[in-house]
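Notes for the one structure printed next.
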């Protein structure tokens, strides 16, 4: 080999070694990685702690987490609930919300890139999070090979205690957290909307259903009446008895108060889901298009595949999402009902009727309609007439507010 050839070979070797060193250096550092897995899946993680017991943070300040095996006592209760319990239905509703965010285009305006990126990730739970419980939170880092840390800044995750099975109302807790996550995905503010009355009310409506849901036959298949916190039990009773619509004196509450109350949102959405004329009604094919792309064979009804519960969730989230990308995000339950009625005109009369009757007409008529104890039927007749006028566009659902 000539001297020149030897120098060229050494030079090439040096370049190769430099490239390898840079690659290893990058691998040991931090990077933004691809999605953790398919969006229609879930993962369970736990925080990583250093030798001193402090939670590890990535260079970008994100919590570093590692997977928890399905048979680990911290994860096993979640896998069980998300396989056969009501939370499994809500988990799949979150999958629907993610599919909607990724696929929906209305008025040529899709969701923002960061929102769509989060919707391409699995649904993630973190048990024993140092940041406490609740959700959704944004951003995690996962341990990679060669000491690398992969950052997922757009990832949404739900925090839970280290041992979730200590919660005797776990199905209700999970339903609420997953519901808030799903609703938060379709709102303009994402996780920042966790305290929005619409997002909270949507989650609370699912909590109520969770306490009713039965798995199997007999008493063992239902949640015990005394399970959960006093707040969880009160929510269940108050929604079913429509307590959020009236004040201490039994009269309908002022319209502005009603529209700001998550409990009233929960009641309206719960009643819509229970209505056979709404929950079970099949929507036009275009409503299901974002959810069933390449998934449902021709000739098969998407509503039949989804089932009654998720059929309504798909319709509601679709109407909500379309209003958001059209630049008209619902401000409150009156707006959300109107968005639903516009998206599904065949259901307009029943949806408006449920809303007006649930609120005792207090957002349409100042003071609302207070049923007489001895003649409740008279109030129902008045409310039905009001609902028909709102559905026909003769009255605004917000007329009591002056607009």
Dividing the mean separation of Cα pairs under 8 Å (6+ apart) by the residue count of segment 62-198 yields a relative contact order in percent of 30 percent
Over the chain, calculate the relative contact order: mean separation of alpha carbon pairs under 8 Å at least 6 apart, over the residue count, as a percent. 14 percent
Any chance you could give the angle, 0 to 90 degrees and rounded to 10, that helix 230-240 forms with the longest Cα principal axis of the chain? 50 degrees
Nearest 10, in degrees from 0 to 90: the angle of helix 170-186 to the longest Cα principal axis of the chain is 80 degrees
Sorted on mean Cβ neighbours within 10 Å (highest first), peptides 224-231, 201-208, 70-77, 111-118 come out as 201-208, 111-118, 70-77, 224-231
Between residue 35 and residue 72, what FRET efficiency comes out of the Förster formula 1/(1 + (r/R0)^6) with R0 = 22 Å and r the beta carbon distance, rounded to 0.05? 0.40
Expressed as a whole-number percentage, the relative contact order of segment 259-393 with C-alpha contacts under 8 angstrom and at least six residues apart is 21 percent
Could you work out how far apart the two model spin labels at residue 105 and residue 370 are, taking each label as a point 7 Å from the Cα in the direction of the beta carbon, and quote it in nm? 5.5 nm
Peptides 263-274, 237-248, 161-172: what's the order by average Cβ count within 10 Å, highest mean first? 263-274, 161-172, 237-248
Given only helices, namely DSSP H runs of n ≥ 4 each adding -39500 (n - 2.57), what is the per-residue ellipticity at 222 nm of the chain, to the nearest 500 deg cm²/dmol? -15500 deg cm²/dmol
For residue 326 and residue 224, what is the calculated FRET efficiency with R₀ set at 35 Å and r taken between the beta-carbons, to the nearest 0.05? 0.20
Share antiparallel - DSSP beta bridges, the chain, percent rounded to 5: 55 percent
Compute the FRET efficiency between residue 388 and residue 51 as 1/(1 + (r/R0)^6), taking r as their Cβ-Cβ distance and R0 = 56 Å, and round to the nearest 0.05. 0.20
Degrees between helix 3-28 axis and first principal axis of the chain (Cα, 0 to 90, nearest 10): 30 degrees
Identified option (computed volume of the Cα convex hull per residue in Å³; candidates [x] 264; [y] 206; [z] 156): [y]
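Every read-out reported here was derived from the displayed coordinates using simple, explicitly stated rules and does not represent laboratory data. Note that this is a predicted model, so its numbers are computed, not measured. All Cβ positions, glycine included, derive from the backbone under ideal geometry; neighbour counts span all protein chains shown.
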